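See below for the structure under consideration.
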Amino acid sequence: MKTISSFTVNHDILDKGMYVSRVDGDVITYDIRMKKPNKGDYLSHSEAHTFEHLFATYARNSSFSESVIYVGPMGCLTGFYLLVRDTLSKEEAIKLTKESFEFIANFEGEIPGSKRWECGNYADQDLVGAKAVALDMLRELKDWTPEKMDY
């Protein structure tokens, strides 16, 4: 079988940040790398789960919602994928990501979709951890530009 493109990226030199992972027609996949790969520091499942609920909720309710296709964690627990239509520019994708992370960093209250009937693993949540990850990434992405989005 052909090697998929994300497995051709050298994860030993990949840093935290936001990258264009692939472009498929009108769909752009962003790699939002929140942890340096293979260094032993990963998102916990609970952090990633809470982050997913909040990131997806914000992105799908933002002014960019019509362009958002999918928000979800990487299986390796080093980051998230954001899939959008190409109607969203790179600058807007960065803006959406920063706004989403600010929402998560400042979130108080009941996590959206965290009731038993809304989620298949509703009790596995870590808001404190998700907020810490959001703050860390806001520092990382503070001066991020489209020019930095290439692997």
Query raised in the report: Residues in region 80-89: is at least one touching a helix residue (DSSP H, G or I) at 6+ places or on another chain (Cβ under 7 Å) and part of a helix (DSSP H, G or I)?
Result: no
Query raised in the report: Hey, among Leu88, Leu82, which residue is within 15 Å of the chain's Cα centre (by Cα) and either at pLDDT below 95 or under 15 Å from Ile32 (Cβ atoms) (or both)?
Result: Leu82
Report task. Run Asp143 past the list (1) surrounded by 16 or more Cβ atoms within 10 Å (Cβ to Cβ); (2) over 19 Å from Ser44 (Cβ atoms); (3) among the acidic types (Asp, Glu) and report the number of the one that doesn't hold. Result -> (1)
**Report entry** Flag for Val27 being more than 23 Å from Leu135 (Cβ to Cβ) and modelled with pLDDT of 95 or more
**Finding:** yes
Query raised in the report: What are the residues in region 135-151 that are modelled with pLDDT under 95 and not in a loop (DSSP other than H, G, I, E, B), if any?
Result: none
Query raised in the report: Out of curiosity, is Glu99 over 11 Å from the mean Cα position of the chain (by Cα) and in a helix (DSSP H, G or I)?
Result: yes
**Report entry** Failed criterion for Leu96 (all others in (1) out of contact with any strand residue (DSSP E or B) (no Cβ under 7 Å at 6 or more places or on another chain); (2) surrounded by fewer than 21 Cβ atoms within 10 Å (Cβ to Cβ); (3) within 28 Å of Asn121 (Cβ to Cβ); (4) at pLDDT 95 or above hold)
**Finding:** (2)
Query raised in the report: In region 133-146, what residues are without any contact (Cβ under 8 Å) to a residue 24 or more places away in the chain and in contact with a helix residue (DSSP H, G or I) (Cβ under 9 Å, 6 or more places away or on another chain)?
Result: Lys142
Query raised in the report: Just one of the numbered conditions (1) of a type in the set (Val, Ile, Thr); (2) touching a helix residue (DSSP H, G or I) at 6+ places or on another chain (Cβ under 6 Å); (3) closer than 18 Å to Val23 by Cα is not true of Ile69; which one?
Result: (2)
Query raised in the report: Which pairs do you get when a residue that is in contact (Cβ under 8 Å) with a residue 24 or more places away in the chain and more than 8 Å from His53 (Cα to Cα), found in region 108-119, comes within reach of a residue that is in a loop (DSSP other than H, G, I, E, B) and among the small types (Gly, Ala, Ser), reach meaning Cβ atoms under 7 angstrom, with the pair 6+ apart or on two chains?
Result: Cys119/Gly113
Report task. Within region 35-44, identify whether any single residue is touching a helix residue (DSSP H, G or I) at 6+ places or on another chain (Cβ under 6 Å), at pLDDT 95 or above and surrounded by 19 or more Cβ atoms within 10 Å (Cβ to Cβ), and answer yes or no. Result -> no
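If the requirement is being buried (at least 19 other Cβ atoms within 10 Å of the Cβ) and either free of Cβ contacts under 8 Å to residues at least 40 places away in the same chain or touching a Leu at 6+ places or on another chain (Cβ under 6 Å) (or both), which of these qualifies: Ser63, Ser5, Ser67?
Result: Ser67 is the single residue among Ser63, Ser5, Ser67 that is buried (at least 19 other Cβ atoms within 10 Å of the Cβ) and either free of Cβ contacts under 8 Å to residues at least 40 places away in the same chain or touching a Leu at 6+ places or on another chain (Cβ under 6 Å) (or both).
The values are calculated or read from the model by the stated rules, or taken from the named source; none is laboratory data. As the structure is a prediction and not an experimental result, all values here were calculated from the model. When we count neighbours, we look across all protein chains shown, and the Cβ atoms used for this are built from the backbone with ideal geometry, even at glycine.
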